[in-house]
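So the structure is just underneath, and the comments pick up after that.
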Amino acid sequence: MVQNGKITFASALLLCFLMLSMVCLNTPTANGSSLQTNSEGTPELTQETGGIPVQADLISQSTTQQNKQPLLQDSFDDVFDSSIWEKIEVNGGVAMEKDGLLQVIAPDSNKSWEDWYWSQAGYVTKRPISAAQGFEASVNVVELDDVSEMVLLISDQKITDRDPVNATNWYMINKVLHTKYPNQSLIRVVSRIDEKISWLVEAPWLSSTGQLKIKVSEGVISFFENGLMRYSEPYAINASECYIYIYTSKWGHYWGTDCFDDFAVYPVSIDNESKGGQTSL
Ligand SMILES: [Ca+2]
Ligand SMILES: [Ca+2]
C-alpha cells in the first residue's frame, strides 16, 4: 500500500507539473500600444517536445554567393559605417561595434519579466533595397545568451526610435532566448501585413547561434535558420523597396550584451538559379 501510495503521489506530482507547464506555455501579452513579439496564441507552441523543425524536408541548398557582388556588406570591424546604417537605440539599448562584431547591449531594467520593460538595439539600413528585383539578406548570430532575441526583419518603413514591429508591414525571423521556460528557446517567423500579425513558424531553434536569412525572389519570400528553410510564402508587402533591420528586442529581466557578425545583402539572379549557369550581374 505504501508503494502504491508513493506511486500515486508521484503521479499526482507529475500531473501537476504537466498542468503547470501547459499554463506556463501561454506567454503573456505585452501591455500598451507597442506590438511585441510574444508567443500568445501561437499554435506551433505545441511542437515544443517534438524537436522537429517546421518544414524540415525543405533543406535549402547551400546558397553560397561567392561569385556575386554584394549589394551591401558589413563585417562590423569596429567602425560604424554611416553610409550603410542608422542605429536603433530605444529605452537605453545600445548598438556598438567592438572586437569585430556588432554588439547589441540591453540595459538592466531592474524589473521583473512580467513588467514587460522593452528596449531595442541594432541597425537598420540607411537606404531601402529593391524587393522587386529580389535579394538575399543574411546575418550571423554569434552570441545569444543574455538578451531576449536576435532579429532579422524587413519592412517598407524605417523606424529607429521605437520597436520596429510598430511598422505597418514587416517580416521577421528571429532566434528567441526563452530562459524562463527551460527548453523553450525558439526560432520564429512572424509577419505583419497591413497591421495584421501572422505567427508563421514557432519551433525549437537549431542553435542559439548561426545564420538568419531572408530571401525575396520572384514574388516569394523565404526564411532560413542556419541554412534550413523554415518557411516560404508569396511576398505580400506592396512597396517595391524595403529596409533591412538587425537588432535585439529585450524585455523584463533580460539584460547584457550579445553579438551579430557578417551582414550581407546579395542580389538574386533568376537566370543563375534556374539554369545553373554563370550570369553576369
Ligand atoms: Ca567582424
Ligand atoms: Ca552575452
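List the GluC sites (Glu not before Pro) within segment 170-272 that DSSP assigns to loop and that have no more than 11 neighbouring Cβ atoms inside 10 Å. List each step's numbers first, then the result.
Working: sites: 195, 202, 218, 225, 241; in loops: 195, 218.
Of the GluC sites (Glu not before Pro), the ones in loops of segment 170-272 whose Cβ has at most 11 other Cβ atoms within 10 Å are 195, 218.
Annotation: amide H-H contacts under 5 Å for residue 200 (H modelled 1.01 Å from N, sequence separation of 5 or more, or interchain): 189, 190, 191.
Tell me the net charge near residue 120. Cut-off is 9 Å between Cβ atoms, residue 120 excluded, with +1 for each Lys or Arg and -1 for each Asp or Glu. Charge balance in the 9 Å sphere: 0. Here's the picture: charge each Lys and Arg Cβ at +1 and each Asp and Glu Cβ at -1 in segment 54-275, and of 91, 239, 102 the one pushed furthest to the positive end of that dipole is 239.
Sort 172, 96, 229 so that the residue with the fewest other Cβ atoms within 10 Å of its own Cβ comes first and the one with the most comes last. List each step's numbers first, then the result.
Working: 172 25, 96 16, 229 20.
Ordered by Cβ neighbours within 10 Å, fewest first: 96, 229, 172.
Phi angles across segment 74-90 convert, under the Karplus curve 6.51 cos²θ - 1.76 cosθ + 1.60 with θ = phi - 60°, into 3J(HN,Hα) values of 8, 9, 6, 9, 6, 10, 5, 9, 6, 7, 9, 10, 10, 8, 10, 9, 10 Hz, Gly and Pro given as x. What the Cα atoms of segment 115-188 give is an Rg and a Dmax of 13.9, 43 Å. Put in line by how crowded their Cβ is, counting other Cβ atoms within 10 Å and starting with the fewest, 206, 72 read 206, 72.
Could you give the size of the charge dipole of segment 54-275 about its Cα centre, using +1 on the Cβ of each K and R and -1 on the Cβ of each D and E, expressed in debye and rounded to the nearest 20?
On the way: 18 positive and 32 negative charges, 84 e Å.
Taking the Cα centre of segment 54-275 as origin, the dipole is about 400 debye.
Exposure proxy ranking for 259, 242, based on other Cβ atoms within 10 angstrom of each Cβ and starting from the fewest, stands as 259, 242. Segment residue 193..residue 94, full-extension length gain: 32.8 nm, with 0.36 nm per residue of separation and the alpha-carbon distance subtracted.
Laboratory data are not the source of any read-out in this text; all were calculated from the coordinates shown. Keep in mind the model is a prediction, meaning the values are calculated, not measured. Here Cβ is always computed from backbone atoms with ideal geometry, including for glycine, and neighbour counts include all displayed protein chains.
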